[in-house]
Every structure is written in structure tokens, then in C-alpha cells.
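A.B. asks: What follows is a single structure, and I will ask about it in a moment.
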Amino acid sequence: MTILVTGATGNVGRHVVHTLFQSGRSVRALSRNPKAAILPEEVEVVYGDLTMPETLVPVLKGIEGIFLLTSSAGGSPLQTGSEIIELAVKAGVRRIVMLWNGEKGTVERATEASDLEWTHIHPYCEFMSNTLAWTESIRTERVVREPFGDTPNAVIHEADVAAVAATVLTQDGHAGKTYVLTGPEALTPRDKARMIGEALGRNIRFSELSKDQAHERMKTMNLPEDVIEYVLHWHENLPAEAYTVVPTVKEVTGQQARTFAQWVTAHIQDFS
Ligand SMILES: NC(=O)c1ccc[n+]([C@@H]2O[C@H](COP(=O)([O-])OP(=O)(O)OC[C@H]3O[C@@H](n4cnc5c(N)ncnc54)[C@H](OP(=O)(O)O)[C@@H]3O)[C@@H](O)[C@H]2O)c1
């Protein structure tokens, strides 16, 4: 059984590739730029673009399961879900695991309307890897600048999202389910800055941005206006699911969810 991993070069997808590969599965990794992909040599890396479904025809040959993103670069929901799912069904795909953003778009609707076995994986919370956005200001100024400094979030290690995905892709009994995921503790941006400082043995200052300042900063990152509005609105009106710890990672994988302290230890060089 070959599994297609989309987003294979991303924070979660590359862990999905590694986890499946290490458990002896045959994996095909999708990228819009396969030459730049840093993945195990033995993994087949193929070109494909989810916004151009015709590029997926050769990619889907012999595929039984797909780890499927529901958004494209920049976070915009894919508009090509029905074409992707039609091609997947034609190719004989049996199972789809979607990394869900919480709003049903074209991918989710087409999958649910099909006869495919599907599972939604829904990390309501933030990924720990979002903290990598702080590396430069911590390295050069020992400061973290963020809005909503006291808003807790049950941040999840991207390897745990991947572990759930790999389990669901390779074991029966998960069809039709939506798994809400969180990490093991709710932390504020201020907490995270302090914990990185403790691990570095340095004082890291937290400087709270206003909503307008955060908006301006995201504009300089060339994020589309609708995505900026969505992100700010989400942080300002954080759903309880984003900071209420749930045991799903342990229930699905049998392993405790990794802590932020573990994540920081593994990434300490990035902040030094
Ligand atoms: N960050 C968070 O806190 C958070 C929380 C919940 C959910 N999510 C969602 O989780 C998903 C994955 O996040 P991530 O952090 O793992 O991703 P990421 O590191 O931002 O990487 C994005 C991945 O998507 C691929 N990609 C983008 N546009 C594509 C397209 N048109 N066709 C094919 N592949 C495309 C990229 O592959 P190539 O560049 O190699 O083509 C890359 O592997 C995202 O949809 C995000 O919205 C994120």
C-alpha cells in the first residue's frame, strides 16, 4: 500500500513522511518543487500542485491512502476539492486523512460526499513550530513581539499531529471521525517566550503588539487580507477548543503528547 503525503515538505507533512517511512510503509511525497525537498533519499518525491488537479493524475497511480491538506500556500482553502477527490476515486484510493482547518471547504465536502473512508484531523490549537517565527528577534534582540500575549493556547507538536495522521492512515476503525487535537498544556505567548529564555539561560523580553501592529506586520509578510483578518479574528475570539487540553493524541497513538519544553530542547539551536 503506497500512501501519498501532500504538504510533505511542511511542518506536519515531513513528520508524516518520516513516521510512515520508518514503519516500513511505501510513501510518495508531493511537492511543487521536488528538487528542493529535504526528505529521506529512499522516499519517492513527485511534482504536483493541488491547485492544478491535472498534475495529480500520474501522482495518484497505485495510491491507497492520502494525507491531504485542505489549504494551499498562504492558508487559503483549496478550491479544487471536487476535482482532486474525483481523480482519487478514479485512481482507486481508499482512504483520505485531511488536515482540517475547521471550516468545511471544497475538499471536505467532496470527500464526505464520496464513498472514500475519510477522517478529519483538527488541531484547533497552534503548532509549536509557529514559534520558529521568533528565532530572528530572539537571536538578535532577545525579544518576542506578539499580540494577545496573555491568551492561552494548547499548542501541539507537529510530530504529534503527524503521528495521529500516520496511525489513522494505517489502521482501521477511524473512518468518518473528526479528531480534535491539542498539546498537553495551555500556554500563552508570554509563557512560551519565558520557557525559551529559560532553556537558553537568557532573559527574553516580551513586547505586546496591538492588533493594528500585528495587522501591519502580517501585511509585510505578503499574507492576503482575508487570511490576516481570519487569523486576527481567530486569536481575538479564540474558541475554547484551542486552549482546552484533550487526550486525543494519547487515545489514538498510545503515546503521550509531546510538551513545549521538549520542542524547545529539540530546537534550541534555532534560537541561539
Ligand atoms: N500552523 C498552525 O498553527 C496550524 C494549526 C492548524 C492547522 N494548520 C494547517 O495545517 C496545514 C499544514 O501546515 P504546515 O505548517 O505543516 O504547513 P507548512 O509548513 O506551511 O507547509 C505548507 C505545505 O503545503 C504545501 N503546499 C502549499 N501549497 C500547495 C499546493 N498548491 N500544492 C501542493 N502542495 C502545496 C507545501 O509544499 P511545497 O512548497 O513543497 O509544494 C508545504 O509542504 C496548513 O493547511 C495549515 O493551515 C496550521
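The values are calculated or read from the model by the stated rules, or taken from the named source; none is laboratory data. Quantities reported herein were computed from a predicted structural model and do not represent experimental measurements. No Cβ is skipped: glycine too gets one built from the backbone with ideal geometry, and neighbour counts run over all protein chains shown. With ligands, DNA and RNA removed, areas are computed over all heavy atoms of the protein, side chains included. Shrake-Rupley method; radii C 1.70, N 1.55, O 1.52, S 1.80 Å.
A.B. asks: Restricting the search to the range 170-216, which residues are open to solvent by 60 Å² or more (accessible area, probe 1.4 Å) and without any contact (Cβ under 8 Å) to a residue 40 or more places away in the chain?
C.D. replies: Across the range 170-216, the qualifying residues are 171, 172, 194, 198, 201, 212, 216.
A.B. asks: Are any residues in the range 46-55 open to solvent by less than 60 Å² (accessible area, probe 1.4 Å) and within 9 Å of the ligand (Cβ to nearest atom), and if so, which ones?
C.D. replies: 48, 49, 50, 55
A.B. asks: A further question follows. I'm trying to understand the selection: among the residues of the range 111-129, which are open to solvent by 20 Å² or more (accessible area, probe 1.4 Å) and over 19 Å from residue 211 (Cβ atoms)?
C.D. replies: 112, 113, 114, 115, 117, 118, 124, 127
A.B. asks: Please indicate, with yes or no, whether at least one residue in the range 84-95 is in contact (Cβ under 8 Å) with a residue 12 or more places away in the chain, more than 20 Å from residue 1 (Cβ to Cβ) and open to solvent by 40 Å² or more (accessible area, probe 1.4 Å).
C.D. replies: Yes, because at least one residue in the range 84-95 is in contact (Cβ under 8 Å) with a residue 12 or more places away in the chain, more than 20 Å from residue 1 (Cβ to Cβ) and open to solvent by 40 Å² or more (accessible area, probe 1.4 Å).
A.B. asks: Among 89, 59, 46, which is assigned to a helix (DSSP H, G or I) and among the β-branched types (Val, Ile, Thr)?
C.D. replies: Sole residue among the options that is assigned to a helix (DSSP H, G or I) and among the β-branched types (Val, Ile, Thr): 89.
A.B. asks: Here's a check for you: in the range 92-116, which residue that is aliphatic (A, V, I, L, M) and part of a helix (DSSP H, G or I) is nearest to residue 175 (Cα to Cα)? Talk me through it step by step, then tell me what you get.
C.D. replies: Our first condition is that a residue be aliphatic (A, V, I, L, M); within the range 92-116, this holds for 93, 96-99, 107, 110, 113, 116.
Then keep just the ones that are part of a helix (DSSP H, G or I); that gives 107, 110, 113.
On the way: 107: 16, 110: 15, 113: 13 Å.
So the residue we want is 113.
A.B. asks: As an exercise: evaluate residue 59 against (1) within 13 Å of the ligand (Cβ to nearest atom); (2) closer than 20 Å to residue 179 by Cβ and give the number of the one condition it does not meet.
C.D. replies: For residue 59, the failing item is (2).
A.B. asks: So, one more: Considering the range 130-169 alone, what residues qualify as being surrounded by fewer than 19 Cβ atoms within 10 Å (Cβ to Cβ), polar (S, T, N, Q) and touching a helix residue (DSSP H, G or I) at 6+ places or on another chain (Cβ under 9 Å)?
C.D. replies: Across the range 130-169, the qualifying residues are 135, 151.
A.B. asks: Mind checking which pairs have a first residue in the range 227-255 that is exposed (fewer than 15 other Cβ atoms within 10 Å of the Cβ) and at pLDDT 95 or above and a second that is in a helix (DSSP H, G or I) and not β-branched (Val, Ile, Thr), Cβ under 7 Å, 6 or more apart or different chains?
C.D. replies: What qualifies is 255/163.
A.B. asks: Moving on to the next point. Which of the residues belonging to the range 59-71 are surrounded by 15 or more Cβ atoms within 10 Å (Cβ to Cβ) and of a type outside the set (A, V, I, L, M, F, W, C)?
C.D. replies: Answer for the range 59-71, where residues must be surrounded by 15 or more Cβ atoms within 10 Å (Cβ to Cβ) and of a type outside the set (A, V, I, L, M, F, W, C): 64, 65, 70, 71.
A.B. asks: Within the range 15-36, is there a residue that is assigned to a loop (DSSP other than H, G, I, E, B), within 14 Å of the ligand (Cβ to nearest atom) and open to solvent by less than 20 Å² (accessible area, probe 1.4 Å)?
C.D. replies: No: zero hits.
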